[in-house]
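Please read the structure below before turning to the comments.
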């Protein structure tokens, strides 16, 4: 057993994943007879620049690395992690995971993934250009974003943040059950947040642009979005209470689908924490609702070749024509349900354990011409929502109760009309799926686990003045 | 964690290109957790991380780099990266000498060291909670209980000569229940969290937590939809404190104020709330969740009065924002980990109790909503609009608490809602929470006594 494996200290991503695989293999090789061991190692670098009033407010540059180890002994699972790949922590982390396993309850379904023969669809998520760009250009882009946003509209009285950021990360996963996978990806973003003022009243808006590389980042898109959103809310009043159709813009639709996704987790279903439990084959949504999770689509922000247990990611149909077709499983939740993993394990980095989840949800798009304007025209009268608050405090994905704060504009004669604020929109998730009135054809792969598409949902309660 | 001589050399290196201020923040955190779900102990997890964040301030610009490598070479590399922002800013050799002994925190200031429980002890507590929750009623269909404990040692040294440290032990225990009935599923959640070790359980009964969580889920099975529109709201003592956290706490953080991104900017000395409101932020209170010895910039925790009898008295400050105004930090510079820059953050934020009687307040409310427990909230500091969600609420009819209501968010505007507080009782209590800001989470406490708002918009579905 080696104790001096500090060669990864201070190394940087971009060197390829071979050395991470080799490290994971070495640690997995320390497994004792009768135990299964899974080793996940990851490292990354990040740059973040914040511009304010023509100066760099902060510049962060950093590298980080870590390891997460799962040990299964006699159907008992233990986990341990460390925020370092230094040789001195590896053995201790494995020993701690092993010790933890001894305390867990034995459960016949607890096991590590084994290769299932499904070939991985390679997706290219790495852009060398992002890694090679000089810091000075990144700073320049943030300063440019801030300056142009300030100048974009006389009603913009403050740009409270204008950021450039990028991350490049590499990871490898090796287990004694035959799993061996690696991945690497880059991502960059520009984001800007503004305050528009008109007399005493202030309104805020944010915009961003994301991409795998540096050259695709678009300051105009970010600032136009931020400025438009803030300025069109000026003069907003507390809207009236009413029962109404609500149109959610693409960003808010992404947030809504992400919430619904937690009820599609095979683990939530198995443990009686999903309102979809026991309803496969039933009509749970409007006949126009077809929902698919497909991380093999390279355009998706959450695209990936391998899931968090090292199985190939694959396309999974969840709801078709409003009929519930199935759930997403990792190895353990699949075993519990008597089915195979759907390649849907996700994990929150080296400090977290895998569990089933979505990566790339989309709704089957509505008819051609159903962009935002098309959906508004089709709806005619209602409320258009551009921002939601309290998604964590007012939406319960177990009961389905849904009540959130909203800002947006009234829809009159199929067009955006006067702005409203300090209102709530409420229903239940179950009723919202059935009351779907329109799905946009305007698919945009936004950051997160679901695509953005304009959505219209009927029969929602608006609380206001 | 790091030798003083090494810290001095690293700080000198950080200022080699110039710059006005340099700081090393080192952290060593170990944590462990255990989760019982679906009657099984599913996962025990242990984690360890240590590293340092180095910051260099040159004019209006902050350079920041962090590393998991606490060797002198690792720290010097990070110092060099952080100092890149100061290039061209003069430079030269500047020697940093650290003071003999700066402020020391919770673990070193004479308090008993936190005790640790064994893994078996933690599992026993989880089992007891599961049993108590399931025994609360046949309707309880699922129980999850979680235990987590962490020890965080921090060391802060800066070019002003400050050398300070703290050791923070935190332990939490939570229970969440699902109840199943004819109307579907409902949930209940209860948590206890303190800046303590295993001695948390000398003060807290896990069975009681479990029964409270279970009773919420069961009560909501027969809940009716929450009303829609504006009604008087009585907030029970404890978790109602989140109202102040959202309605004004965030807006009083100086980083928002100095950018004119707060509705409270420029209002010191003005009446911003009902005269019944005296609001305090205090990082020194007992073993509350937001308590510490020194903040993450090395300032001792302190008590700050923010609003007195309705009049705004001050904001919350960290080092950078205070320096700009020529004053000192209020001990509110906090960060999630060594990977993050410090920001202005709340600690334990609470409304001082009044002298009304809690039962009387309800009795004098002809129609309204009684919120027994809040779930969380969110605010836009620039507009003041905020929401907070109920996780256990009831209707008040003719001065009597009657039927339970389904979960809903309430929405209001901070400066308006603060003026609508017309009664504050004496039954004060605190509740723990996790506060998120700009991607960083820190533990905080919220507190208040039972109080009434004359009107807030309730976002239910009942017309």
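Every number here is computed from the coordinates shown, using simple stated rules; none is lab data. None of these values were measured; they are calculated from a predicted model. Heads up, the Cβs are rebuilt from the backbone with ideal geometry, glycines too, and the neighbour counts pull from every protein chain shown.
Regarding region A:55-208, what whole-number volume in Å³ per residue does the convex hull of its Cα atoms give? Don't skip to the answer; put the middle values down first.
Working: hull volume 33.0 nm³, N = 154.
Residue-normalised Cα hull volume stands at 214 Å³.
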*What is the distance in Å between the Cα centres of region B:209-240 and region B:260-330?*
31 Å
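Under the Kirkwood approximation for Rh and a Cα-based Rg, what ratio Rg/Rh is obtained for region B:1-83? Write out the running numbers ahead of the final one.
Working: Rg = 17.8 Å, Rh = 14.3 Å.
With Rg and the Kirkwood Rh in hand, the quotient comes to 1.24.
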*Between 0 and 90°, nearest 10: helix B:72-82 axis offset from chain B longest Cα axis*: 80 degrees
*Using Cα centres only, tell me the gap between region A:167-183 and region A:49-106 in whole Å.*
14 Å
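Okay, helix-only estimate at 222 nm for chain B: each DSSP H run of n ≥ 4 adds -39500 (n - 2.57), divide by all residues, round to 500 deg cm²/dmol; what do you get? Intermediate values should be presented prior to the final figure.
Details: 9 runs with 80 residues, N = 463.
My calculation for chain B gives -5000 deg cm²/dmol from helical runs alone.
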*Can you give the convex hull volume per residue for the Cα atoms of the protein assembly as shown, as a whole number of Å³?*
153 Å³
*asked:* Largest first and in whole Å, what are the equivalent-ellipsoid semi-axes of region A:98-165 based on the Cα gyration tensor, each being the root of 5 times an eigenvalue?
replied: 49, 21, 14
_Inter-chain Cβ neighbour average for residues B:454-463, partner chain, 10 Å_ = 6
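Can you tell me the alpha carbon radius of gyration of region B:228-459 divided by the globular rule-of-thumb value 2.2 N^0.38 Å?
Numbers: Rg = 17.1 Å, N = 232, 2.2 N^0.38 = 17.4 Å.
In units of the 2.2 N^0.38 Å rule of thumb, it is 0.98.
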_FRET E, pair residue A:417, residue A:74, Förster distance 56 Å, beta-carbon r, rounded to 0.05_ = 0.30
*Which value in Å does the Kirkwood hydrodynamic radius of region B:169-261 take, with 1/r averaged over all unlike C-alpha pairs and then inverted?*
16.5 Å
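Let me know the whole percent of all Cα-Cα pairs from region B:193-244 that are separated by more than 19 Å. Could you put the intermediate results ahead of the total?
Working: 748 of 1326 pairs.
Percentage above 19 Å: 56.
Using the count of nearby Cβ atoms within 10 Å as a rough guide to exposure, how do B:173, B:21 rank from fewest to most? Working shown, then result.
Numbers: B:173 24, B:21 18.
The fewest-first ordering by Cβ neighbours comes to B:21, B:173.
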*asked:* If you consider only alpha-carbon coordinates, what radius of gyration and Dmax does region B:417-463 have, in Å?
replied: 14.8, 38
*Using the eigenvalues of the Cα gyration tensor, what equivalent ellipsoid semi-axes result for region A:145-246 when each is taken as the square root of five times the eigenvalue, whole Å, largest first?*
39, 21, 10
*Once you wrap a convex hull around the alpha carbon atoms of region A:237-463, what is its projected area averaged over all directions, in nm²?*
11.9 nm²
*Please give the helix A:18-28 orientation as an angle from the longest Cα principal axis of chain A, in degrees from 0 to 90, rounded to the nearest 10.*
60 degrees
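Could you list the square roots of 5 times each eigenvalue of the Cα gyration tensor of region B:378-463, that is, the equivalent ellipsoid semi-axes, sorted largest first and rounded to whole Å?
The answer is 24, 17, 15 Å, longest axis first.
Within a 10 angstrom radius of each residue's Cβ in A:386-392, how many Cβ atoms of other chains show up on average? Whole number is fine. It would help to have the intermediate numbers written out before the result.
Numbers: counts 0, 1, 3, 11, 15, 5, 7.
Per residue, the average neighbour count from other chains is 6.
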*Report, in cubic angstrom per residue, the convex hull volume of the C-alpha atoms of chain A.*
149 Å³
*Rg/Rh for region A:60-131, where both radii come from Cα atoms and Rh is the Kirkwood radius*: 1.13
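Other chains near A:400-410: what is the mean number of their Cβ atoms within 10 Å of each residue's Cβ? Intermediate values should be presented prior to the final figure.
Details: counts 3, 13, 5, 16, 7, 15, 4, 3, 0, 0, 0.
Across the residues of A:400-410, the mean count of other-chain Cβ atoms within 10 Å is 6.
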*Taking only Cα atoms, what is the 0 to 90° angle, nearest 10, from helix A:135-152's long axis to the longest principal axis of chain A?*
20 degrees
*log₁₀ I(q)/I(0) of chain B at q = 0.12, 0.13 Å⁻¹, via Debye over equal Cα point scatterers, no solvent, to two decimals?*
-1.07, -1.20
*Express in nm, to one decimal, how much length is gained between residue A:114 and residue A:132 on full extension, taking 0.36 nm for each residue of separation and deducting their alpha carbon distance.*
2.8 nm
_Please report the spacing between the Cα centers of region A:137-151 and region B:433-463 in Å, no decimals._
36 Å
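In percent, how large is the relative contact order of region B:228-459, given Cα pairs closer than 8 Å and 6 or more residues apart? The partial results should precede the final answer.
Working: 665 pairs, mean separation 72.7, N = 232.
It rounds to 31 percent for region B:228-459.
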